[in-house]
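Peer 1: Input: one structure, supplied below.
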Amino acid sequence: MNKQFDPHKNYEKTRKNIGFVPLKKASLKDWKRIGFMSGLEVHQQLKTSRKLFCRCPAGVYQDHDDFDGEIIRHMRPTLSEMGEYDGTALMEFRTRKEIVYRLNNKTACTYDIDDTPPFKINQEALQYALEISLLSNLNIVGEVHITRKQYLDGSIPTGFQRTAILGVEGDIQLSNKKIRLIQLSIEEDSCREISDIGHTRIYKTDRLGIPLIETVTYPDMLSPYELQEAAEYIRFLNRSTGRVRTGIGTGREDTNVSCRGGTRVEIKGVSHNSWLPLLSHNEAFRQYALLAIKDLLLKKIQNIKIWKITSTELSDNKIETIYPPIHEAIKAGFKVIGVNLPGFQSILSHFTQPGKVFADEITDRLKVIACLEKPNMVYSESFYQKELNLEFPEIRKLLDAGDEDAQIILWGPSEDIPTALETIEERCKMAFEGVPGETRKSFEDGTTIFERVLPGADRMYPDTDSAPIPLADDFIAKLGENLPIPVFKRLQQMQDCGIPEDTHKYLLKKNLLPLIDRICDELGYSQKYIGTFLGHYYRHMEGQKDPHPEFSYNKIYGLFSFLKKKRLDPELAKSMLGILVDHPNMEFNSVLTSLNFRKLKTEALLAPVGFLIEKFREIRRSEEETKTKKWLMGQLRKQAIGNISLREFSHLVEKEINAYNHSKDDNYPD
Amino acid sequence: MNKDFFQGYKGEALKILKKFNVRVWGIAEIDTSRGLFKGTVLPRAENDDDKHIVIKIATGYNIGVATNTIKTIKEIGYLKANYKIPEQEFPFTEHLPNVKLIGTGGTIASRLDYRTGAVIPAFSPGELYGAVPELADICNLDTEKVFAVFSENMGPDQYKQLAIAIGKEIEKGVDGIVIGHGTDTLHHTATALSFMVQNSPVPIILVGSQRSSDRPSSDAALNLMHACYAAGHGDIAEVCVCMFGPTSDEYGFLHRGTRVRKMHSSYRSAFRTLGDTPLATVRVGEVKALKNNFNHRRKDRNVEIYPFFEDRVSMIYFYPHMHSDTIDSLVDLGYKGIIIIGTGLGHVNKELYPAIERAKEKGVAIYMTVQTLWGYVHMFVYETGRELLAMGVIPLENMLPEAAFIKLGWALGQTNDLEKVKKIMLSPVIDEITLREPYNGYLVYQGGVPEVEEFIKKFRK
């Protein structure tokens, strides 16, 4: 290699060349420049008591080691209708994974392990999903056809997910544009992965089969923040029905991102909407970088059609590096292989994502496709080439490498090496084309790694085990009768009645608007007051500690109803709620007792004013008269709360002070 | 337009398609009271209603559009799919055994038409090689479809045809035979072949699949590999059923044809040997015998074929308060043999006595087996048994009811002399009656018991 070549500098230079801007500094102009486009697939579990196609309970979870039995399956690709194997299918088969499922008798039955055909679809789930479809303005199908969608990663023991379309062509209204929806489907949730090491992947089946809906948008979101807004809207819409599960893992997003000239890449399993902007921003720029790499390579390499890698096995004494994993690999009896990539100098250290380079694209694929655990390779443009002695001139000689070439050393069990070499060559050749279609796994830092090849459209076929389900007009009409108010109308409504804006997301997320409506409509409180109470006060309280499991929002209604009946001031709700979240079954009267609350008439509340003024005069340090009122309020506040509104009381106290002072003035002769 | 344009549509749906001039495989825009739907019109399953039109939308999903919501349909294109399984020549390898795969029409090798859901059989060596390329490392495969019927429609004619076809193949010199078969009556056919094909010098392996091969986690490919390995390389030259051992993709069992039974409606490991242990476990590369008394592979071609069957044979599954007319009607209809599947040790109610006596007088052969499936008929223990014996009901030891039914048909196919029939029935051909039931021949463990739970957790069931 050219001794002057500096991978660090190359990384910085290429990062600059493509015009990468961190999300925080980016603007609409940048996204327009790279042609940012994104769509969403929002998954949401439904709150049903049982699974979708069997009668196992839904929403019961187990620890990794809490299982009663294990089974093993291998997934084989099946032919597409054109008589070809799907790309993902072939890749999954090449990886030769042994899939282990851990079963717990409480949550899995013989349907879950594909030893029993499906039972009739869960009617409760179907109804909930249809309600959400109606709310999403979708055209509801006349007949539901259960379809099999193949997944060969093993996440479903059958090798396919049973799924069905309920509606197509809908829309949602964001703050300044409409987003079109492609479809909404009902489907069974997949297994949760426990581990994936070498050729063994372990799953547990507790989540498998839980009813799920997937809302799919068109790629109408043209900025990362629009993407987040759409994701939030869909989540709020789903939650507004009260038919969905909440909590960790019950709602997940996949986002499809591309830049101009790029390819649809699917980022899977984003569990927080707040991660979407950074992930999609970085992905669009990764694609932009890959397009830049393509241009570089097409300039550097004369004939891409005959381009290929060369490799040689390295025995112990040819390896100059001090990098410990290589020496461990040799000790473990692994093969160590040197690979030459003609013309790839400056490509391996080319920027792709913040902190990541093109070589990462290769190492990620080696892990997934060839089952080589990381670290699985080192390369000639590593940032640590000096420290690790990775310039390997000897190996370059062995590989007959030219100045413009780059090298990789990889290691692994000998039976995995052929796949590994194919994988490297395949990924490099893809660089000539630009951006490979992939699904990618997301990380909290906003970067992604290769997960699998993007599946084609040919992986869908009818489920011959299930009959079509007709959806009659009157059934749909009936479901449409009790739909919640659409989210965009709710947002307007909150604004109109003065509920502070910083509470809106919280109130929608927790689906508290029906509660606010109920409290206000039935008990006559103001929307603004209750909205603020929940969005500020209750939210703060919830942030401090988890409410008792038996506490429900219904208690809040009960509380206000109680205060109304007893003609007590609503301000009392705050302190009462503090006790109720811990003791949800305590009677409201007892809560009052534990607060030492006494029902007092206004005169009684004001009676100590004279005495307190005198007291304050004894102890005060300032002559300022306004302090008197403040101190008095502090003394009287607690008894007053609940008996009278504090604003009114403050008013009365002031009057009383004035009156007292006045009477004193009267009593002292001039 | 001819009927092919409207595959499967009838009544209302057909009327609408004709009205708007739209064909199956037409790309249609359907305007309905529920909005617009766009997709390719698919054929409709024959038994589905006439109130919906099925289309495949752009995302690959199928949906149905209700005819009573349709305002107009416009055909904007046409795209007929031709689904075909790719054929690649099955490679010949010098040192590998020659195996003949005989097809009967089961789901062992079939693919689903992605568009319609119709099952397309993959059967020629080329198609099978395309689907399960590993087979080429196991054997040289030749295939022949003897007939194509669903498992439940198999019967004496098919048993006889199969037996004759097997005889011919053995004489031609194959190293092993595999028979692809639906699973429902796999054990009936296995029993029939056990009697009809005797003294075989090579393995005859029946195989099926519990999950069709269009599914990624199907057991078909592994079963087929196991069967081909057992047929081509194994030393057990008997009629065997080869199906999953555990439900996991681990190993297969070879079950003796006369002692095997399908014991679950859908499990992969549905087939079990009853009253004995299976013959062997099979993995690609190894047939490991679990029993040591079996017929070994031979070089000669001295197979004996006995293709006989009398189909006026029936089975009576006894239930409490059964009326005598159940038996009377069979006798009146001219049935020559009846297998009673009795309760407990081999009992029926008193109400049947006159009918049984009448049947015996009319020369009907009556044999007793047990509903318990495990265990022997013991008719001396209780009075009822002794009375039935006195009436001429013949106990069949621990012969499985289905095996008894097949054997009685086979015996009566050879002779009408009831004494000779009795001799045939009570002389085991190949373990349909065993002299002893081993201690590990009866295993129906119950979950919940700590030691069973421990076992289930440790080993794959």
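The values are calculated or read from the model by the stated rules, or taken from the named source; none is laboratory data. For clarity, every value in this text was computed on a predicted model and none was experimentally measured. Using ideal geometry, Cβ is built from the backbone for each residue, glycine included, and neighbour counts are taken over all protein chains shown. Ligands, DNA and RNA are stripped out before the accessible areas are found, and what is left, the full protein with its side chains, is counted by its heavy atoms. Shrake-Rupley method; radii C 1.70, N 1.55, O 1.52, S 1.80 Å.
Peer 1: So, in the stretch A:116-147, exactly how many residues are facing chain B (nearest Cβ under 8 Å) and within 19 Å of A:Glu188 (Cβ to Cβ)?
Peer 2: Residues that pass the stated criteria total 6.
Peer 1: Within the stretch B:429-461, can you find the residues that are under 27 Å from the mean Cα position of the chain (by Cα) and buried (at least 16 other Cβ atoms within 10 Å of the Cβ)?
Peer 2: Of everything in the stretch B:429-461, those that are under 27 Å from the mean Cα position of the chain (by Cα) and buried (at least 16 other Cβ atoms within 10 Å of the Cβ) turn out to be B:Val429, B:Ile430, B:Asp431, B:Glu432, B:Ile433, B:Thr434, B:Glu437, B:Gly441, B:Arg460, B:Lys461.
Peer 1: Please enumerate the residues belonging to the stretch A:513-568 that are under 21 Å from A:Gly642 (Cα atoms) and not in a helix (DSSP H, G or I).
Peer 2: Answer for the stretch A:513-568, where residues must be under 21 Å from A:Gly642 (Cα atoms) and not in a helix (DSSP H, G or I): A:Gly524, A:Tyr525, A:Ser526, A:Lys566, A:Arg567, A:Leu568.
Peer 1: Does the stretch A:460-483 hold any residues that are under 28 Å from A:Gly159 (Cα atoms) and modelled with pLDDT under 90, and which are they?
Peer 2: Selection gives A:Met460, A:Tyr461, A:Pro462, A:Asp463, A:Thr464, A:Asp465.
Peer 1: Restricting attention to the stretch A:172-197, which residues are touching a Pro at 6+ places or on another chain (Cβ under 8 Å) and not in a strand (DSSP E or B)?
Peer 2: A:Asp189, A:Cys191
Peer 1: Could you list, in sequence order, the residues of the stretch A:569-593 that are loosely packed, with under 13 Cβ neighbours inside 10 Å and outside any loop (DSSP other than H, G, I, E, B)?
Peer 2: Matches in the stretch A:569-593: A:Asn589, A:Ser590, A:Thr593.
Peer 1: For A:Asp473, which of the numbered conditions (1) within 30 Å of A:Pro22 (Cα to Cα); (2) within 14 Å of chain B (Cβ to nearest Cβ); (3) open to solvent by 70 Å² or more (accessible area, probe 1.4 Å) fails to hold?
Peer 2: Every condition holds for A:Asp473 apart from (1).
Peer 1: A further question follows. Tell me, which residue of the stretch B:13-52 that is over 39 Å from the mean Cα position of the chain (by Cα), more than 9 Å from every other protein chain (Cβ to nearest Cβ) and β-branched (Val, Ile, Thr) is farthest from B:Ile76 (Cα to Cα)?
Peer 2: B:Ile16
Peer 1: Tell me which of these A:Phe597 doesn't satisfy, since it passes every other one: (1) of a type outside the set (Ser, Thr, Tyr); (2) exposed (fewer than 15 other Cβ atoms within 10 Å of the Cβ); (3) under 25 Å from A:Thr532 (Cα atoms).
Peer 2: Exception for A:Phe597: condition (2).
Peer 1: Given the criteria surrounded by 15 or more Cβ atoms within 10 Å (Cβ to Cβ), touching a Ser or Thr at 6+ places or on another chain (Cβ under 9 Å) and closer than 28 Å to B:Asp184 by Cβ, does B:Val377 qualify?
Peer 2: Spelling it out, B:Val377 is indeed surrounded by 15 or more Cβ atoms within 10 Å (Cβ to Cβ), touching a Ser or Thr at 6+ places or on another chain (Cβ under 9 Å) and closer than 28 Å to B:Asp184 by Cβ.
Peer 1: What about A:Ser280, is it open to solvent by 20 Å² or more (accessible area, probe 1.4 Å), of a type in the set (S, T, N, Q), part of a helix (DSSP H, G or I) and farther than 15 Å from A:Gln45 by Cα?
Peer 2: Criteria not met by A:Ser280.
Peer 1: Now, a different point. Consider B:Ile73 against the criteria (1) more than 40 Å from the chain's Cα centre (by Cα); (2) away from every other protein chain (no Cβ under 14 Å); (3) surrounded by 21 or more Cβ atoms within 10 Å (Cβ to Cβ): it satisfies all of them except one. Which criterion is unmet?
Peer 2: Here B:Ile73 clears every test but (2).
Peer 1: Scan (1) surrounded by 21 or more Cβ atoms within 10 Å (Cβ to Cβ); (2) within 14 Å of chain A (Cβ to nearest Cβ) for the single condition B:Thr258 breaks and write down its number.
Peer 2: (2)
Peer 1: Looking at (1) over 30 Å from B:Glu397 (Cα atoms); (2) assigned to a loop (DSSP other than H, G, I, E, B), which is the one condition that is false for B:Thr183?
Peer 2: It is condition (1) that B:Thr183 fails.
Peer 1: Could you check B:Thr415 against (1) outside any helix (DSSP H, G or I); (2) touching a Leu at 6+ places or on another chain (Cβ under 6 Å) and say which number it fails?
Peer 2: Of the numbered conditions (1) outside any helix (DSSP H, G or I); (2) touching a Leu at 6+ places or on another chain (Cβ under 6 Å), the odd one out for B:Thr415 is (2).
Peer 1: Taking the condition open to solvent by less than 10 Å² (accessible area, probe 1.4 Å) and either within 16 Å of A:Thr423 (Cα to Cα) or free of Cβ contacts under 8 Å to residues at least 24 places away in the same chain (or both), does A:Ile369 pass?
Peer 2: The answer is yes for A:Ile369.
Peer 1: Next question, about the same structure. Taking the stretch A:203-224 as the search range and keeping residues that are open to solvent by 30 Å² or more (accessible area, probe 1.4 Å) and more than 13 Å from chain B (Cβ to nearest Cβ), which one is nearest to A:Ile172 (Cα to Cα)?
Peer 2: Only one residue tops the list, namely A:Pro219.
Peer 1: Considering (1) open to solvent by 30 Å² or more (accessible area, probe 1.4 Å); (2) in a helix (DSSP H, G or I); (3) within 26 Å of B:Lys291 (Cβ to Cβ), say which one B:Glu402 fails and leave the rest.
Peer 2: (1)
Peer 1: Checking A:Phe443 against (1) within 25 Å of B:Ala58 (Cβ to Cβ); (2) open to solvent by 20 Å² or more (accessible area, probe 1.4 Å), which test does it fail?
Peer 2: (1) is the only condition that A:Phe443 fails.
Peer 1: Here's a follow-up. Which is in contact with a Pro (Cβ under 8 Å, 6 or more places away or on another chain) and either of a type in the set (A, V, I, L, M) or in a helix (DSSP H, G or I) (or both), of B:Leu388, B:Leu373?
Peer 2: Sole residue among the options that is in contact with a Pro (Cβ under 8 Å, 6 or more places away or on another chain) and either of a type in the set (A, V, I, L, M) or in a helix (DSSP H, G or I) (or both): B:Leu373.
Peer 1: Also: Kindly establish whether A:Thr263 is farther than 20 Å from A:Glu226 by Cβ, modelled with pLDDT of 95 or more, of a type in the set (S, T, N, Q) and out of contact with any strand residue (DSSP E or B) (no Cβ under 6 Å at 6 or more places or on another chain).
Peer 2: yes
Results for (1) without any contact (Cβ under 8 Å) to a residue 40 or more places away in the chain; (2) assigned to a loop (DSSP other than H, G, I, E, B); (3) out of contact with any Cys (no Cβ under 8 Å at 6 or more places or on another chain); (4) open to solvent by less than 40 Å² (accessible area, probe 1.4 Å), shown as yes or no for each residue.
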position	(1), (2), (3), (4)
A:Ala292	no, no, yes, yes
A:Gln302	yes, yes, yes, no
A:Lys308	no, yes, yes, no
A:Ala329	no, no, yes, yes
A:Ala359	no, no, yes, yes
A:Thr363	yes, no, yes, yes
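Peer 1: While we're looking at this one, here's another question. Confirm whether A:Asn176 is touching a residue at least 24 places away in the same chain (Cβ under 8 Å) and either out of contact with any Cys (no Cβ under 9 Å at 6 or more places or on another chain) or away from chain B (no Cβ under 12 Å) (or both).
Peer 2: no
Peer 1: Only one of these conditions is not met by B:Arg386: (1) closer than 15 Å to B:Ser194 by Cα; (2) open to solvent by 50 Å² or more (accessible area, probe 1.4 Å); (3) of a type in the set (D, E, K, R). Which number is it?
Peer 2: It fails just one condition, (1).
Peer 1: Tell me which of these B:Glu453 doesn't satisfy, since it passes every other one: (1) assigned to a loop (DSSP other than H, G, I, E, B); (2) closer than 30 Å to B:Thr247 by Cβ.
Peer 2: Tallying (1) assigned to a loop (DSSP other than H, G, I, E, B); (2) closer than 30 Å to B:Thr247 by Cβ, B:Glu453 fails exactly one: (1).
Peer 1: Checking the structure you have, find out if any residue of the stretch A:151-167 is open to solvent by 10 Å² or more (accessible area, probe 1.4 Å), within 7 Å of another protein chain (Cβ to nearest Cβ) and in a strand (DSSP E or B).
Peer 2: No, the stretch A:151-167 contains no residue that is open to solvent by 10 Å² or more (accessible area, probe 1.4 Å), within 7 Å of another protein chain (Cβ to nearest Cβ) and in a strand (DSSP E or B).
Peer 1: Let me confirm something: among A:Glu426, A:Glu404, A:Glu451, which residue is assigned to a helix (DSSP H, G or I) and open to solvent by 30 Å² or more (accessible area, probe 1.4 Å)?
Peer 2: One residue alone meets the criteria, A:Glu426.
Residue-by-condition table, conditions (1) assigned by TED's automatic domain parsing to the domain that holds A:Asp254; (2) under 25 Å from A:Pro117 (Cα atoms):
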residue: A:Ser27; (1), (2): no, no
residue: A:Glu41; (1), (2): yes, no
residue: A:Gln44; (1), (2): yes, yes
residue: A:Cys56; (1), (2): yes, yes
residue: A:Val60; (1), (2): yes, yes
residue: A:Asp63; (1), (2): yes, no
residue: A:Phe67; (1), (2): yes, yes
